Amino acid sequence: MSDDLKIVGLLCNWCCYGGADTAGTARMQYPPNVRIIRVMCSGRINPSMIFKAFEEGADGVFVGGCHIGDCHYDAGNYKWSRRSKIVEDILEEFGIEKERFRHEWISASEGEKFQRTMDEFHKTLSKLGPLEL
Amino acid sequence: MIMSYVLAKAKNEEILKAGECGGAVTSIFKYLLDEGLVDGVLALRPCDDVYDGIPTFITNSEDLLGTAGSYHCAPTMVGDLIQKYFADKKVAVSVKPCDIRSIDELIKRHKINPDNIYTVGLNCGGTVSPVQARKMIDKFYEADPNDVVSEEIDKGQFIIELGDGSEEAVKIHVLEENGYGRRKNCQRCDVKIPRRANIACGNWGAEDGWTFIEINDDVGQELIDGAKNAGFIETKSPSDVAIEGRSKVENIMKKMSKKNQDASYPLVNESDEWNRCISCYACRDICPICWCYKNCELNKPYFKDEKNIPPSPIAFQGVRLSHMSFSCCDCGQCDDVCPMDIPVSLIFDKLQKKYCERTRYVAGVTTDSKPPLYSPDKVEL
């Protein structure tokens, strides 16, 4: 069952996407359920993208950005971090468990953190099972 | 600036008679029009009867008399009207708290030029939907709804005046216990005095025949001074008892609202009402905060879903919630227009309250900043 879980991962080009790359080139194993979408900045991600992903059948959505202070565009990740709070509030309203939505700061060198995060997220989602809207 | 209080009443006999408690608001509008300070006044005028108040743009001060008086049964909204139709005009407008809150949010979005409007606030204990008002008068009063010539909310009572001059009053909490009375959003609204308007007027604490005015900013002070010097109103300072009485009324109202807020906020996925949604987009179109119109994200092909009715709530209301719920002024327009009677405003207000807990931001009340979601500042919540 848990092999069918769909995770949408929205990763910022400069940090987390690089982190996923690092994990890949180092051949670190992590669950293949995550479908990665590269965005230029976590500050570019709208709440509606998260909702669209869930509506289209994602069981979990992951957002990765640069560590606070490291944003390539100066303050994009601050914007995302504030936005993520409203996403959490809204998801709760629609009966989507808050554990299905996760965001993390991962730098390009932190391949291991990316691997660990994906493992954890996959484990959490396996426990929750597929999302029924 | 420190706010100051003043009592005012009209000097013009006609206005004094037609206006509610002293006619100061109508006189101030007359002053603005006659002195050429504004192009027009946007105010409510009854059309067929007392339940049928329509926003009217008045350019001739003689027509102002028709707007005097209070209209609790006409829950209108002027924020979007000003933005859509009067953006390039100098306008004076009478505003309920939710009106000024929506105007304030639109100013923050650069949709209304604050230099172009004078806002005369009206203290508001709540409004009644016209259909409900008729039913309620039919049921709880001995009068025929068609005989009502004016209505007033005072001292916790909804008072109607009939054609023959007699009055009838029923306690609002009695009406509300039976599912009538003020609109649901008004019952839980805790902004009763429009302090973001230039001045806030009302009868709370005022002696008979006078309007109690709270001056909120420099423009408000200029307004009062100007109208006084030009001979439109006379003023005097309120006594300490009056000021205390007014804040007492406000506090009682707020306390009642808080009680209603605690009462009922169901989750979207737990309430069946949302299954009734027919995707008519009326709630979006009427919303004073939603100003994108054709560019609305819900019109984009990736969200436009004409096959599924009811629509998936998260891809419809979820998107709207993420766009503007933090700026919801709880005006209740979405409830009023929903053809399927879904209590739409409930969830938007709920999200605004949640957002307020996180950020201390109250839509249209917090003065110094944009909604924190829009801020360029490097702060986390």
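The table below gives the values:
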item	result
Qualifying residues in segment B:236-267 (those that are over 26 Å from the mean Cα position of the chain (by Cα) and not acidic (Asp, Glu)) - the one farthest from B:Val91 (Cα to Cα)	B:Leu267
Test: residue in segment A:72-79 that is surrounded by fewer than 15 Cβ atoms within 10 Å (Cβ to Cβ), of a type in the set (D, E, K, R) and more than 14 Å from chain B (Cβ to nearest Cβ)	no
Single condition B:Glu161 does not satisfy, out of (1) farther than 16 Å from B:Gly126 by Cβ; (2) acidic (Asp, Glu); (3) in contact with a helix residue (DSSP H, G or I) (Cβ under 6 Å, 6 or more places away or on another chain)	(3)
Which listed residue, of A:Leu125, A:Leu91, is assigned to a helix (DSSP H, G or I), touching a residue at least 24 places away in the same chain (Cβ under 8 Å), over 30 Å from B:Pro371 (Cβ atoms) and hydrophobic (A, V, I, L, M, F, W, C)	A:Leu125
So B:Gly53, is it touching a Lys or Arg at 6+ places or on another chain (Cβ under 6 Å), within 23 Å of B:Asn185 (Cα to Cα) and surrounded by 21 or more Cβ atoms within 10 Å (Cβ to Cβ)	no
Residues of segment B:127-152 satisfying the condition of being within 21 Å of the chain's Cα centre (by Cα) and part of a helix (DSSP H, G or I)	B:Pro130, B:Val131, B:Gln132, B:Ala133, B:Arg134
In segment A:92-101, the residues that are buried (at least 20 other Cβ atoms within 10 Å of the Cβ) and facing chain B (nearest Cβ under 8 Å)	A:Glu93, A:Phe94, A:Ile96
Lone unmet requirement of (1) more than 19 Å from B:Pro97 (Cβ to Cβ); (2) part of a strand (DSSP E or B) for B:Cys201	(1)
Search result, residues across segment B:357-381 that are hydroxyl-bearing (Ser, Thr, Tyr), in a loop (DSSP other than H, G, I, E, B), out of contact with any helix residue (DSSP H, G or I) (no Cβ under 7 Å at 6 or more places or on another chain) and within 12 Å of chain A (Cβ to nearest Cβ)	B:Tyr374, B:Ser375
Candidate set from segment B:230-262 (those that are among the charged types (D, E, K, R) and touching a strand residue (DSSP E or B) at 6+ places or on another chain (Cβ under 9 Å)); member that is surrounded by the fewest Cβ atoms within 10 Å (Cβ to Cβ)	B:Lys236
Residue that is in contact with a helix residue (DSSP H, G or I) (Cβ under 7 Å, 6 or more places away or on another chain) and either surrounded by fewer than 23 Cβ atoms within 10 Å (Cβ to Cβ) or small (Gly, Ala, Ser) (or both), where the choices are B:Ser70, B:Ser27, B:Ser4	B:Ser27
The listed residue being touching a Leu at 6+ places or on another chain (Cβ under 6 Å) and among the β-branched types (Val, Ile, Thr), out of B:Val91, B:Val120, B:Val95	B:Val91
Unmet criterion (only one of (1) away from every other protein chain (no Cβ under 12 Å); (2) buried (at least 22 other Cβ atoms within 10 Å of the Cβ)) for A:Val87	(1)
Looking only at segment A:38-50, and only at residues there that are in contact (Cβ under 8 Å) with a residue 40 or more places away in the chain and facing another protein chain (nearest Cβ under 9 Å), the one that is surrounded by the fewest Cβ atoms within 10 Å (Cβ to Cβ)	A:Pro47
Residue list for segment B:9-59, filter: hydrophobic (A, V, I, L, M, F, W, C), over 22 Å from the mean Cα position of the chain (by Cα) and in a strand (DSSP E or B)	B:Ala10
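The numbers here are math on the coordinates, done by the rules we state, and not lab data. On a predicted model such as this, the values are computed, not experimentally measured, just so you know. Every residue, glycine among them, receives a Cβ derived from its backbone with ideal geometry; neighbour counts consider all protein chains shown.
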